[in-house]
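For reference, the structure discussed in these notes is given below.
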Amino acid sequence: MTLQGDLPGIIPLFPLPGALLLPRGRLPLHIFEPRYLAMVEEAIRTPERIIGMIQPREERDDGNGPVVPIGCAGRITQFTETGDGRYLITLTGISRFRLLDEQSGFQPWRRARVDWADFTADRAGAESDPGLDRGRFIPLLRRFFEARQLQTEWAALSEAGDELLINAISMLCPFGPGDKQALLEAPTLSDRREALIALIEYALHAGPEPEENLQ
C-alpha cells in the first residue's frame, strides 16, 4: 500500500447520505449492517484505524451507487460493542481526500485509492477565522435552532474556538446532502462560515420545515 505522509493510499469507504465529518470533528456512528461491521473490525486491526466518509450521489439501498469525489477520513477513536453485536464508534476527522478510483477485492465493503495532496492544510492544526463576528453569528444560530427546535450547550458553544464552533455547527445542522457537501468542500474555515451563514439565512427565510421532516 502506498503511503502519503502517514496516511494510507487505499482506505475503506463508508457512503452515508447527509453525514458530515470535518477535520478534528467527532462523528458518532451506529454500525449494524454486516458488511460495515466487517469493515470496522478490519479497520481497528490496522495501525491507522481509518474509515473514509463520503456522500453518495444518489440514495440506494445497496450502498453501491456512485459517490462524490471528495470525502473526509476519520480515525476510530472510540469503539464499543453492544450485547447484540452492533458497534458504536466515534470517528475523529483527520483530513479530506480526493477519490481517485475504487479498488476491487473480496471484501464486502468498498475501498478506494485516494489522494490527500489538495488538503495538506487539514493536517496543519486548527484554523482560525479572523472574520468571524460572534456578536452576529451566535444570535443567528439561536434563531435557527429555535426555529428548528434544536438543542445545544450554548455556554460551551459560545466559548469554543473558531474552528470547533463553525465545524460543530456545520456537522450538527440538519441540512441536505448537497449542502453538507458544500460545507465539506469549502477551501478555508472562513469560506465554510460564509457558506454556513448563507444556508442558515436561507433556511430562516424559507420558514419552518414540515413536521414530517423534523422527525
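The values are calculated or read from the model by the stated rules, or taken from the named source; none is laboratory data. If you're wondering where the values come from, they're calculated on a predicted model, not measured in any experiment. So basically every Cβ, Gly included, is an ideal-geometry build from the backbone, and we count neighbours across all protein chains shown.
Run down R96, R113, R75 and say which single residue is more than 10 Å from G52 (Cα to Cα) and at pLDDT 95 or above.
R113
Please determine, by comparing only the residues of region 80-123 that are of a type in the set (S, T, Y) and surrounded by 13 or more Cβ atoms within 10 Å (Cβ to Cβ), which one is farthest from I44 (Cα to Cα).
Among those residues, the one meeting the criterion is S95.
Among the candidates S104, S190, which residue alone is touching a residue at least 12 places away in the same chain (Cβ under 8 Å) and among the hydroxyl-bearing types (S, T, Y)?
From the options S104, S190, the qualifying one is S190.
Is it the case that region 152-169 has a residue that's closer than 27 Å to I10 by Cα and surrounded by 15 or more Cβ atoms within 10 Å (Cβ to Cβ)?
Looking for residues that are closer than 27 Å to I10 by Cα and surrounded by 15 or more Cβ atoms within 10 Å (Cβ to Cβ), one finds at least one in region 152-169, hence yes.
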